[in-house]
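Worksheet: the structure to be examined is printed underneath.
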Amino acid sequence: MPRDPVVVVEPRRPRARCSRCRRGPLRRMVVEESAPLCLYCAELAHLVYLPRGDAALTRRAREASGRWAVVVRHDRRRTRYERQGILVEEAALARAEAACRADAGARARRRARDAERRAAQDAAFTAALEAEIRRLFPGCPADRAAEIAAHASVRGSGRVGRTAAGRALDEGAVTAAVRASVRHRDTPYDALLLSGVPRYQARVRVAPAIEAVLVSWRPGPGDGLPEGPPGAGQARADDRRERP
């Protein structure tokens, strides 16, 4: 089995000194037994840095390198370490670059085909989401339903339309997407946040206005769907699922 790679930490503000040779401040370091080591003492100084961004080049350089390390940096906002790139042998990087140049055309054509395929999938999903919004909320204007579907279904956005429930067109997830749109478009919610009102309090204050719009958009008696707003428990579930 391949060994786990050595982890090299790249501090935002280099301050530490090597616990062995006292070299520093260290721009990159390895932490062993809670003590920082410079790359010389960690026997990694002969490796060259390859920043992230080119998946094929990174994979090929890593596979061709007898020894390699992953470089990470702590993200304070997300409270986690995030990968910045790798350290690999210089000869391995040169071979990987040559291999990438040799098949650059084929990979570009494959990326173009993949982009077209994803665009077609996204368009089909957005249309299906719009149709489901109009089914659940027949009173919603057609252009508004299209706007909500387009906003909620953006790939990589993390919005409710891209969750597993959203992709399955779950009724609760679709309702959460509509609720989020009404909150931002039809209530003073954003103005309340800008004025300093806490998020939870702002949501409580605009909840009646949101429900009034949703009720006006829902089908009436005999239309095949239950009339009236969801219960409080469903509303709370919608809030948990959605991302403004």
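Within the set of pairs 6+ apart or on separate chains, which have a first residue in the range 154-175 that is of a type in the set (Ser, Thr, Tyr), a second that is modelled with pLDDT of 85 or more, and C-beta atoms under 7 Å apart?
Hits for this filter: Thr163/Ala173; Thr175/Leu136.
For the range 32-47, indicate whether the set of residues that are under 30 Å from Arg107 (Cα atoms) and either in contact with a helix residue (DSSP H, G or I) (Cβ under 6 Å, 6 or more places away or on another chain) or surrounded by 13 or more Cβ atoms within 10 Å (Cβ to Cβ) (or both) is non-empty. Let's see the steps before the verdict.
Initial filter on the range 32-47 (under 30 Å from Arg107 (Cα atoms)): 47.
Now restrict to residues that are either in contact with a helix residue (DSSP H, G or I) (Cβ under 6 Å, 6 or more places away or on another chain) or surrounded by 13 or more Cβ atoms within 10 Å (Cβ to Cβ) (or both): 47.
Yes, because at least one residue in the range 32-47 is under 30 Å from Arg107 (Cα atoms) and either in contact with a helix residue (DSSP H, G or I) (Cβ under 6 Å, 6 or more places away or on another chain) or surrounded by 13 or more Cβ atoms within 10 Å (Cβ to Cβ) (or both).
Select from the range 148-168 the residues that are part of a helix (DSSP H, G or I) and either exposed (fewer than 14 other Cβ atoms within 10 Å of the Cβ) or charged (D, E, K, R) (or both) and list them in ascending order. Don't jump to the end; show me each part of the working.
We begin by selecting, within the range 148-168, every residue part of a helix (DSSP H, G or I); these are 148-152, 160-162, 164-167.
Arg162, Ala164, Arg167, listed by residue number.
Can you give me the ranges of the strands (runs of 3 or more DSSP E) entirely in the range 1-80 with at least 1 residues that are in contact (Cβ under 8 Å) with a residue 40 or more places away in the chain?
Numbers: elements: 6-9, 30-32, 35-37, 48-51, 69-75.
Ranges flagged: 6-9, 48-51, 69-75.
Checking the conditions here, which among Ala180, Ala176, Ala145 is modelled with pLDDT of 90 or more, buried (at least 17 other Cβ atoms within 10 Å of the Cβ) and within 18 Å of Asp122 (Cα to Cα)?
Working: Ala180 fails: within 18 Å of Asp122 (Cα to Cα); Ala176 fails: within 18 Å of Asp122 (Cα to Cα).
It is Ala145.
Which of the residues spanning the range 137-170 are over 13 Å from Leu214 (Cβ atoms) and among the charged types (D, E, K, R)?
Asp143, Glu147, Arg155, Arg159, Arg162, Arg167, Asp170
Name the residues in the range 91-133 that are over 30 Å from Ser153 (Cβ atoms), surrounded by 12 or more Cβ atoms within 10 Å (Cβ to Cβ) and among the aliphatic types (A, V, I, L, M), would you?
Hits for the range 91-133 are Ala91, Ala92, Leu93, Ala94, Ala96, Ala99.
Within the range 59-67, can one find any residue that is among the hydrophobic types (A, V, I, L, M, F, W, C) and more than 30 Å from Arg13 (Cα to Cα)?
Kept after step one, since they are among the hydrophobic types (A, V, I, L, M, F, W, C), are these residues of the range 59-67: 61, 64.
Pick out the ones that are also more than 30 Å from Arg13 (Cα to Cα) and you get 64.
Taking every residue of the range 59-67 in turn, at least one turns out to be among the hydrophobic types (A, V, I, L, M, F, W, C) and more than 30 Å from Arg13 (Cα to Cα).
Checking the conditions here, which among Gly105, Gly172 is touching a Pro at 6+ places or on another chain (Cβ under 9 Å), part of a helix (DSSP H, G or I) and not hydrophobic (A, V, I, L, M, F, W, C)?
Details: Gly105 fails: touching a Pro at 6+ places or on another chain (Cβ under 9 Å).
Criteria check complete, one pass: Gly172.
Of the residues that make up the range 61-70, is at least one within 31 Å of the chain's Cα centre (by Cα), hydrophobic (A, V, I, L, M, F, W, C) and over 23 Å from Arg107 (Cβ atoms)?
Yes, the range 61-70 has at least one match.
Val71 fails exactly one of the following numbered conditions: (1) of a type outside the set (Asp, Glu); (2) in contact with a strand residue (DSSP E or B) (Cβ under 9 Å, 6 or more places away or on another chain); (3) surrounded by fewer than 12 Cβ atoms within 10 Å (Cβ to Cβ). What is the number of that condition?
Tallying (1) of a type outside the set (Asp, Glu); (2) in contact with a strand residue (DSSP E or B) (Cβ under 9 Å, 6 or more places away or on another chain); (3) surrounded by fewer than 12 Cβ atoms within 10 Å (Cβ to Cβ), Val71 fails exactly one: (3).
If you take the residues in the range 1-31 that are among the basic types (Lys, Arg) and more than 29 Å from the chain's Cα centre (by Cα), which one is surrounded by the fewest Cβ atoms within 10 Å (Cβ to Cβ)? Working first, answer last.
Narrowing the range 1-31 to residues among the basic types (Lys, Arg): 3, 12-13, 15, 17, 20, 22-23, 27-28.
Checking the rest, the ones that are also more than 29 Å from the chain's Cα centre (by Cα) come to 15, 17, 20, 22-23.
Values: Arg15: 10, Arg17: 15, Arg20: 14, Arg22: 8, Arg23: 14.
So, considering only residues that are among the basic types (Lys, Arg) and more than 29 Å from the chain's Cα centre (by Cα), the one surrounded by the fewest Cβ atoms within 10 Å (Cβ to Cβ) is Arg22.
The values are calculated or read from the model by the stated rules, or taken from the named source; none is laboratory data. The shown structure was predicted, so the numbers you read here are calculated from the model rather than taken from an experiment. When we count neighbours, we look across all protein chains shown, and the Cβ atoms used for this are built from the backbone with ideal geometry, even at glycine.
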